[in-house]
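Readers should treat all values here as calculations from the given coordinates under stated rules, not as data from a laboratory. Because the structure is a prediction, the values reported are computed rather than measured. For neighbour counting, all protein chains shown are included, and Cβ atoms are generated from backbone atoms with ideal geometry for every residue, glycine included.
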Amino acid sequence: MNKSLLKEAIIKYISGVVLIGLLLFLPAGTLNWKNGWIFMIILFVPMLIAGIIMYLKAPDLLASRLNAKEKQGEQKDVISYSGLMFLAAFIIAGLNYRFKWIMMPESVVYLGVIIFLCSYALFGEVLRENRYLSRTIEVKEDQRVVDTGLYGLVRHPMYFATVFLFLSMPLVLNSLPSFMIMLAYIPIIVKRIRNEEEVLEKELKGYREYKEKVRFRLIPFVW
């Protein structure tokens with residue numbers, strides 16, 4: 001049992017729960033916000049389950065997912081932009097609830113929950129298919145190109161899942177202003193993919209051939 005990995009995972013998990021909770025409920029001005037609690041549950045319960053599974057079955061993958069220290073200079077900017085986007089979206093969602101700026105139908109919230117959970121499941125499948133996945137752009141010593149399953153459809157299925165995952169968040173929180181902010185994720189992820197592919201093409205054997213085999217980066221038949 002890797003106690004240091006377990007400790008790091010627990011600390012980051014609890015920190016995430018506290019941080020997101022503060023970003024949502026402080027601007028909302030109350031803990032009595034149903035949508036905020038729904039979001040916290042569907043975000044952190046599956047995350048806990050996935051973390052336990054990775055710790056028991058694939059500790060190397062868990063360690064890789066916990067590492068957020070980006071080495072690529074261009075990607076540091078992407079991480080910063082993403083952080084600002086989430087910060088603004090969560091705070092605005094709380095304020096939107098507090099001041100009742102723009103409230104959407106309850107059916108939109110339910111749709112957001114469904115999309116979020118389906119995207120989460122898709123993200124989990126990507127993790128199962130590719131044990132080399134990391135939160136940072138890097139090529140590991142024994143890494144090989146994965147070209148089966150979802151990777152046979154698009155070159156970046158993880159990012160495909162995160163697009164729907166992130167865009168569904170403001171729907172769950174019933175915040176149209178936050179949804180508009182989250183749209184910034186699209187140009188952010190496009191920038192990340194382009195830089196990532198430059199790195200992979202240079203450093204990962206067989207990636208150039210993989211690009212010729214699987215034409216689409218993010219969305220089948222589109223891009």
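Under the rule of -39500 (n - 2.57) per DSSP H run of 4 or more residues, summed and divided by the residues of the chain, what mean residue ellipticity at 222 nm is obtained, to the nearest 500 deg cm²/dmol? Please report the intermediate quantities before stating the final value.
Details: 9 runs with 158 residues, N = 223.
Result for the chain: -24000 deg cm²/dmol, rounded to the nearest 500.
Screening the chain for DSSP H helices whose Cα atoms reach 24 Å or more along their own axis and whose mean Kyte hydropathy is at least 1.6 gives 34-57.
I need the calculated FRET efficiency for the pair Leu5 and Glu203, taking r as the beta carbon distance and R₀ as 35 Å, to the nearest 0.05.
On the way: r = 26 Å, r/R0 = 0.74.
Result of the calculation: an efficiency of 0.85.
Candidates Asn174, Gly29, Phe99 compared by Cα position along the dipole of the chain: farthest toward the positive end lies Gly29, with charges placed on Cβ.
If you take the Cα Rg of segment 3-213 and divide it by 2.2 N^0.38 Å, with N the number of residues, what do you get? Could the numbers behind the result be given before it?
Numbers: Rg = 17.9 Å, N = 211, 2.2 N^0.38 = 16.8 Å.
Dividing the Cα Rg of segment 3-213 by 2.2 N^0.38 Å gives 1.07.
Ordering Met158, Met180 from the fewest to the most neighbouring beta carbons within 10 Å gives Met180, Met158.
R0 = 35 Å: FRET efficiency of Ile53 with Arg98, Cβ-based, nearest 0.05? It comes out at approximately 0.40.
Defining a contact as two alpha carbons under 8 Å apart and six or more residues distant in sequence, what relative contact order in percent does segment 86-223 show?
Values: 146 pairs, mean separation 52.0, N = 138.
Relative contact order for segment 86-223 comes out at 38 percent.
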